[in-house]
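Q: I'd like to ask you about the structure that follows.
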Amino acid sequence: MRVLVTGATGFVGSRLVESLAGHHDVWAVGRSPMQGKAGVTWVRWDLAARPVAGTLPPRLDAVIHLAQSRHYRLFPESALAIARVNVDATLELLDHARQAGAKTFVFASSGGVYGGSGASIKEDASLRPPDFYLSTKVASETLANTYRSLFDVVSLRLFFVYGPGQGPDRFISRLVRKVYAGEQVILYGTDGIRVNPIHVSDVVRAMVASLGLDGSHVVNVAGPDVLTLRRLTELIADKVGRKPNFDLRPPEADRDLVADTGLMNQLLVPAREHFAERIGEVCEEVMAAPL
């Protein structure tokens, strides 16, 4: 199978390329392509600009679109740049997939598109993106769905991915750094929000499995453990040798982001990595770096 992967040098993408190489003909797209990997053809394309003609392979079986704007937090200053990568480039990839005869298009969306909830969230729940970045994810899902008559579209809504090598601005990574630095963690209510974070290796397994699906689907991709922010903090504090430092605030309704993973377990693969057993990798990495 010939598979095009965008965001191929990123946190998830680099691991996905590693998993696919040797089993598939992988075309890996990145701003700064790596070299020397057997079975991988590297394509230099910064999705903030249009692709150079002839850059992308003329024939494809599948596309896995992981790339996102580096400026996702900079709204409104970088709104156009965010939309360029998160929406315009998605449309260009969808159209190239059509021209290249692709059978499957996998899009990495976010569990954040639901907004908060007081219960576990199924895929048919209403979407309430709370910010511009997540609105671009909804826009890309909507665009992708219009191509369902041409090829299978699989939107994977990822919930709080974590693991070693993740950027410092992501939820779990930020939390580890905050706890290690002795900073306060804000809890709304006694225990704070509930989430079910997923280890990056389980995300990769789910993405590989999505290539074998028949038909179009939207699937939540989340971990096996539902944990409060208090419990996350306590587990991290134990690993980094710190005492948890909480700032308790009045409770707020519907702030949880817990995915119902029934469809993931049925269509893809169940997540198998437990937070308490894998968060140590991230903690060790943070402790090895200067604060």
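Rule-based calculations on the coordinates, nothing more; no lab input. Owing to the predicted nature of the structure, the values given are computational and were not obtained by experimental measurement. As a convention, Cβ positions derive from the backbone with ideal geometry for all residues, glycine included, and neighbour counts pool all protein chains shown.
Q: Which of (1) free of Cβ contacts under 8 Å to residues at least 60 places away in the same chain; (2) assigned to a helix (DSSP H, G or I) is the odd one out, the single condition Arg70 does not satisfy?
A: For Arg70, the failing item is (2).
Q: Hey, among Ile193, Ile236, Ile186, which residue is more than 17 Å from the chain's Cα centre (by Cα), buried (at least 24 other Cβ atoms within 10 Å of the Cβ), farther than 27 Å from Ala83 by Cα and in contact (Cβ under 8 Å) with a residue 40 or more places away in the chain?
A: Values: Ile193 fails: buried (at least 24 other Cβ atoms within 10 Å of the Cβ); Ile186 fails: buried (at least 24 other Cβ atoms within 10 Å of the Cβ).
Answer to the selection: Ile236.
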